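The values are calculated or read from the model by the stated rules, or taken from the named source; none is laboratory data. Here the structure is a predicted model, which means the values were calculated and not measured. Backbone-built Cβ (ideal geometry, glycine too); neighbour counts: all protein chains shown.
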Amino acid sequence: MTVLTVPSARRMTLDQIDGVRARFEATLRVAPGEDFYRVFVISSADVPDLVNEIYRLRARFQMLEAACRAGLGAAVEEDSLYPWALESPWWYVTDELPPPPSGHYLAEVMPADVWRGEPL
């Protein structure tokens, strides 16, 4: 699994994201003409921040996914309760995670039908 890292990515606040959305929606309300291009340029200036936020969130998702897989691996090795059993708290994790890559320890140990999540 490749983990994306963005060295200088700062987290966008909800207010900043709302501002981005408002600037984009302003482009939809302006009739084509001189003002349209001004509003479009202002809105397009948000693209680099949005791309950085996507990379940051994707990297965070990948770290959480790796942590969940490590926890599942420990639960399987402990062998006290099958982590894919309905009464196991790990069932919620397997229900949301996509199948592990081929060759991964959990792909060999756990049945394929317990992985119900979709990859990003």
Worksheet item: Among the residues of the range 30-47, which ones are modelled with pLDDT of 85 or more, loosely packed, with under 12 Cβ neighbours inside 10 Å and not in a loop (DSSP other than H, G, I, E, B)?
Response: 41, 47
Worksheet item: Does residue 20 meet the test of being modelled with pLDDT of 85 or more and more than 17 Å from the chain's Cα centre (by Cα)?
Response: yes
Discussion item. Can you tell me which of (1) modelled with pLDDT under 80; (2) under 28 Å from residue 10 (Cα atoms) is the one residue 114 doesn't meet?
Written reply: (2)
Item to complete: Sort out which residues of the range 78-103 are modelled with pLDDT of 80 or more and either aromatic (Phe, Trp, Tyr) or farther than 14 Å from residue 119 by Cβ (or both), and write them in order of number.
Response: 103
Worksheet item: Has the range 48-55 got any residue that is over 12 Å from the mean Cα position of the chain (by Cα), modelled with pLDDT under 85 and of a type in the set (A, V, I, L, M)?
Response: no
Discussion item. Cβ-Cβ distance below 6 Å, separation of 6 or more or different chains: which pairs start in the range 71-99 with a residue that is surrounded by 11 or more Cβ atoms within 10 Å (Cβ to Cβ) and end on one that is modelled with pLDDT under 80 and of a type in the set (Gly, Ala, Ser)?
Written reply: 81/88; 83/75; 90/75; 96/117; 97/117; 98/117
Item to complete: Go through the residues of the range 58-77 one by one and say whether even a single one is of a type in the set (A, V, I, L, M, F, W, C), assigned to a loop (DSSP other than H, G, I, E, B) and either under 30 Å from residue 12 (Cβ atoms) or modelled with pLDDT under 80 (or both).
Response: no
